[in-house]
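**Q** Here it is, the structure, as structure tokens.
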Amino acid sequence: MKRIAVLTGAGVSAESGIKTFRDSGGLWENYPVEEVASIEGWHRNPGLMLEFYNTRRKELENSRPNEAHRIIAALESRYKTDVITQNVDNLHEKAGSTHVLHLHGELTKVRPENCYNDRDGFSTQSVFDIGYEPVHLGDKAPNGAQLRPHIVWFGEPVPNIEKAITLVSEADILIIVGTSLQVYPAAGLYRYAGNDTPIYLVDPKPAELRDGRLVKIPMKATEGMRKLAGMLGLEGYGD
Ligand code: APR
């Protein structure tokens, strides 16, 4: 079976009603990113950060995957498929993808604020699933420390980046969906694709990349993934 790596960003969930970050009307227009998504913000005002993620988590409870998520899950019928997502939502999992690597953490998980270490960023044993429940100041982990969202904030390492590099470098096909490719190290991942690996970029406003391997599909995620599914021979799509 050929291998596909799919790198996704906020745009893949836009048609599920989840706001992107940098589009007009995006999240960072209403919330200063340094207040709600940086480690300095957490030290300054953890209550505000908890509220911000409580709201995002609550919104997620009622969000459903869209056709793009479902097509990405359906790729597994023909390809060994690994999803690498910058998104903290769980819509790839809800759509049925079985191999999802979260680069920037997961909204439905928390961990004690003091389990950080330089090697992995945090210890995976201390990550807890909380579903869609809110977290407040004073909510403690079994080790007595304040719980924090299991999210990678600006100023923090990206523990899963090495795994992602391996998946991209081993892929026969790379698909990138709905990301402005402005945030590193995720934005540099495509460079690890093999010399002959086609790279499909599905985005209504595709990032300016000059790369001979690149095939741009300037469409929204659902429409673009439908087209790509046809090109990749997925049953039920194409002619
Ligand atoms: N279908 C596909 N793509 C879309 C759609 C859609 N319906 N709507 C918007 N887009 C595209 C935009 O054109 C843009 O290229 O989605 C992209 C969204 O870009 P960003 O808002 O920058 O989101 P993303 O690239 O995922 O951000 C990366 O930044 O703040 C951090 O941690 C956050 O993971 C996030 C990271």
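**Q** Please tell me if Tyr79 is more than 10 Å from the ligand (Cβ to nearest atom) and in contact (Cβ under 8 Å) with a residue 60 or more places away in the chain.
**A** It is true that Tyr79 is more than 10 Å from the ligand (Cβ to nearest atom) and in contact (Cβ under 8 Å) with a residue 60 or more places away in the chain.
**Q** Also, quick follow-up: Just to verify a result, which residue in the range 1-53, among those that are away from the ligand (no atom under 14 Å from the Cβ) and under 18 Å from the mean Cα position of the chain (by Cα), is nearest to Leu103 (Cα to Cα)?
**A** Ala5
**Q** Report, by residue number, each residue of the range 194-210 that is assigned to a strand (DSSP E or B) and either in contact with a Lys or Arg (Cβ under 7 Å, 6 or more places away or on another chain) or of a type in the set (Lys, Arg) (or both).
**A** Ile199, Leu201
**Q** Still on this structure: List every residue pair whose Cβ atoms sit under 7 Å apart, with the two residues 6 or more apart in sequence or on different chains, where the first one lies in the range 37-57 and is without any contact (Cβ under 8 Å) to a residue 60 or more places away in the chain and under 22 Å from Pro157 (Cβ atoms) and the second, anywhere, is within 12 Å of the ligand (Cβ to nearest atom) and assigned to a loop (DSSP other than H, G, I, E, B).
**A** Listed by first residue and then by second, the contacts come to Phe52/Tyr31.
**Q** Oh, and also: Right, Met219: of a type in the set (A, V, I, L, M, F, W, C) and under 23 Å from the mean Cα position of the chain (by Cα) or not?
**A** When the stated conditions are applied, Met219 passes them.
**Q** So, one more: Kindly indicate the residue of the range 121-139 that is at pLDDT below 95 and exposed (fewer than 13 other Cβ atoms within 10 Å of the Cβ) and also farthest from Leu103 (Cα to Cα) among those meeting that condition.
**A** Gln125
**Q** Of all residues in the range 86-120, how many are modelled with pLDDT under 95 and either under 20 Å from Asn45 (Cα atoms) or in contact with an Asp or Glu (Cβ under 6 Å, 6 or more places away or on another chain) (or both)?
**A** Count: 6.
**Q** Continuing with this model, one more query. Tell me, which residue of the range 184-193 that is small (Gly, Ala, Ser) and part of a helix (DSSP H, G or I) is farthest from the ligand (Cβ to nearest atom)?
**A** Checking each candidate, the answer is Gly188.
**Q** Considering only residues of the range 1-37 that are of a type in the set (Ser, Thr, Tyr) and at pLDDT below 95, which is farthest from Thr108 (Cα to Cα)?
**A** Restricting to residues being of a type in the set (Ser, Thr, Tyr) and at pLDDT below 95, the top hit is Ser24.
**Q** Looking at (1) assigned to a strand (DSSP E or B); (2) over 11 Å from the mean Cα position of the chain (by Cα); (3) within 13 Å of the ligand (Cβ to nearest atom), find the lone condition where Ile71 falls short.
**A** Here Ile71 meets the rest and fails (1).
**Q** Hey, could you check the range 194-210 for residues that are within 12 Å of the ligand (Cβ to nearest atom) and aliphatic (A, V, I, L, M) and say which is nearest to Lys220 (Cα to Cα)?
**A** Per the stated criteria, the residue is Val202.
**Q** Now, a different point. If I filter the range 166-183 for residues that are on the phi > 0 side of the Ramachandran plot and either under 16 Å from the mean Cα position of the chain (by Cα) or among the hydrophobic types (A, V, I, L, M, F, W, C) (or both), do I get at least one hit?
**A** Yes, there is a match, as at least one residue in the range 166-183 is on the phi > 0 side of the Ramachandran plot and either under 16 Å from the mean Cα position of the chain (by Cα) or among the hydrophobic types (A, V, I, L, M, F, W, C) (or both).
**Q** Of the residues that sit in the range 82-104 and are of a type in the set (Gly, Ala, Ser) and more than 16 Å from the ligand (Cβ to nearest atom), which one is surrounded by the most Cβ atoms within 10 Å (Cβ to Cβ)?
**A** Restricting to residues being of a type in the set (Gly, Ala, Ser) and more than 16 Å from the ligand (Cβ to nearest atom), the top hit is Ser97.
**Q** I would also like to ask the following. Is it the case that Pro218 is at pLDDT 95 or above and in contact with a strand residue (DSSP E or B) (Cβ under 9 Å, 6 or more places away or on another chain)?
**A** The answer is yes for Pro218.
**Q** Would you please list the contacts, defined by Cβ atoms under 7 Å and residues six or more apart or on different chains, that run from a residue in the range 1-25 that is within 15 Å of Val88 (Cα to Cα) and buried (at least 20 other Cβ atoms within 10 Å of the Cβ) to a residue that is polar (S, T, N, Q) and at pLDDT below 95?
**A** Within 7 Å, the pairs are Ala10/Thr20; Gly11/Thr20; Ala14/Thr20.
The values are calculated or read from the model by the stated rules, or taken from the named source; none is laboratory data. Here the structure is a predicted model, which is why all the values come from computation and not from measurement. Heads up, the Cβs are rebuilt from the backbone with ideal geometry, glycines too, and the neighbour counts pull from every protein chain shown.
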